[in-house]
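Presented below is the structure to which this report refers.
Throughout, read-outs are computed from the coordinates displayed, never taken from laboratory work. Everything numeric here is computed off the predicted structure, so don't read it as measured data. Please note: Cβ atoms are built from the backbone with ideal geometry, for glycine as well, and neighbour counts cover all protein chains shown.
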Amino acid sequence: MTRIDARVEGPRGVPWRPAGRWRLGFVPRTSFRPMSGVIAGQQGDPRRVARLERVLAVGRAFLTVSALTAIYLDPTQPARLAAVTYAVLASYAVYSLAVLVFVHRATQLQTTHGHVLHGFDVLWAAALTFVSEGPVSPFFLFFLFVVLSAAYRWGFVGTILTTCVTVGVFLVQTGVAAVGPWSQTWLTSIDVELNETILRVAYLLLTGFLLGYLAEQEKQSHAELVAIADITRQPRVHLGLGGSVLAVAQGLLRTFDAHRVHFVLQDYETRQAFLWRADRTSASEGADGLRVELNAQEHRTWLFADPGRAWYASRESGEAALRARVVEPGVWPLRHVTMPLPTGLAEEVPFSRIIAANFGLADEWRGRVYLFDPPSRAHPAPSVHFLDALADYITPALTNVFLLGRLRARATAEERARVARELHDGAIQALLGIEMKVQALRREQASNATGLDADLDDIQELLRREVLALRELMQALRPIPLDTGDQLPDVLASLVERFRRDTGLPSRFVFTGGAVALSPTTALEVVRIVQEALVNVRKHSGARNVLVRLTGGEDGCALVIEDDGAGLEFEGRLTGKELDERRLGPLIIKERARIAGAQLVIDSSRGSGTRIELTVPARHV
């Protein structure tokens, strides 16, 4: 697998990087578990326990058999109680071989097996040193094996505890050998040197501390690799971009033990920016996070010009600036800077600590992730560098989902346009031809049967309605050329004019006020609402006049659609909430109003017409 490293410059010199390894796969959503929980989970994994015990079994068997061979070849060892020493060491060797066979044949091993084997190793080491030469025994090496196996199994804490136990055993042996009325026993032959004993205790403590530290760092590195594999497997095509972003956000919550995470993503093509929020509750309960489309002010709040590609910042309550530490490429120490606190950020999410990282693909998209209030650390550099490395891995995975989603959207738009063209060139043209033939037949039979005229009228009216229905379907299928909200008045004017030509109903569009600053997504929902309302007017209202009015301004946009037809099935003026409670009103218009984040009011009067009011407040602009 080739690693591709690259850097591109985003706006204002911010680096956005598609670097990293491309990984695919699947892992199910897990419960909330920080990095310490990841390490604990690894230690309890039966597969990892089995592999670990097999490795230690091989090392134990090799050590015991080698020691037995060495003292057999050396005529000076053991210097005392040779028969007892040989018997104990031979028994330990047989035990080691039996354990080796057991762990390789066992179908499943648990952590309790490791605890039991570790306890026996301590006892065997104590017995060997006790029957040979006590504190100065050459079998002191077995104590080092015990410490090493503790480091291999449990890391720093387990190694320190094991070291303390072995030092205690060692000191007890020394006391037994050096203190008390032992003149009539075989222990009197042991020559105890205080300085040598102190050195051996010091060596054992230092070795235990060093091995524990190294083992803990190795386990931390392994846990980080597991976290990287877990998070980079979260983006999946079937989840879509939003689902993939939320899965990554919840993975970051588990890994960094933060209180909440905010994930911002901007599409360069549509200029849209979205914010996803997740916290510990949503991560532990498997709930979906909140997705919000950002307006211009929120865009400046969440995608402000930050000092680097990854950084850590802290603040005291009331401070207007952040004390930040920034990652510099190729350098481990973080650079200390002071950065202004973006307006609205502290109001949106009160925090005392924050870690952030940037990522994205040049000219396609960019993103930023914020981790609020992770555990306080005296040295945040490892966490910041780890998040920076995660950004390298997340970028390719999310880019796959992002570009595939865009490709699918374009393919869908092309297919809809093709279907619309086929409807126009096929079914509509055929129906129009039939209508023209019916009209010609009526003229030929004008002087004949009156009953035939009535039948032809019905056929011609039916054909006209079907042609209009097909044209409306064709317009709904065609993609609407709406890249910005400023284009909304022109699109609505064209839509109303086409409706007037097709139906013959007097229809008018009026635009007043200032510029329309809706996002393309919201503006498209407004267009679809107008389309649906005009279809309802043609099919059900029997109206003689239709008016569509759009008003733009700094506080938002207002849309009014009114007709003088038969009205709806209710009398009065009802809000969207009241319509839902009474199960009244057009379902499609109500649903699209909710998607657009708009306030809906419908005023209906039977025999006088219907008035639909749609208000899009500035927070959705």
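Annotations for the structure displayed:
- Converting phi to 3J(HN,Hα) with the Karplus coefficients 6.51, -1.76 and 1.60 and the offset θ = phi - 60°, segment 203-213 yields 4, 5, 5, 5, 5, x, 5, 5, 5, x, 5 Hz in sequence order, with x at every glycine or proline.
- Other residues lying with their Cβ under 14 Å from the Cβ of Leu56 contribute a combined charge of +3, Lys and Arg counting +1, Asp and Glu -1.
- The phi-based Karplus calculation (6.51 cos²θ - 1.76 cosθ + 1.60; θ = phi - 60°) puts the 3J(HN,Hα) values of segment 115-128 at 5, 5, 4, 5, x, 5, 4, 4, 5, 4, 5, 5, 5, 5 Hz, whole numbers, x for Gly and Pro.
- For segment 525-535, the Karplus equation 6.51 cos²θ - 1.76 cosθ + 1.60, evaluated at θ = phi - 60°, returns couplings of 5, 4, 4, 5, 5, 5, 4, 5, 5, 5, 4 Hz by residue, with Gly and Pro reported as x.
- Residues with amide H under 5 Å from that of Asn545, placed H, sequence gap 5 or more: Asp564
- Taking all pairs of distinct alpha-carbon atoms in segment 480-621, Kirkwood radius in angstrom: 15.1 Å
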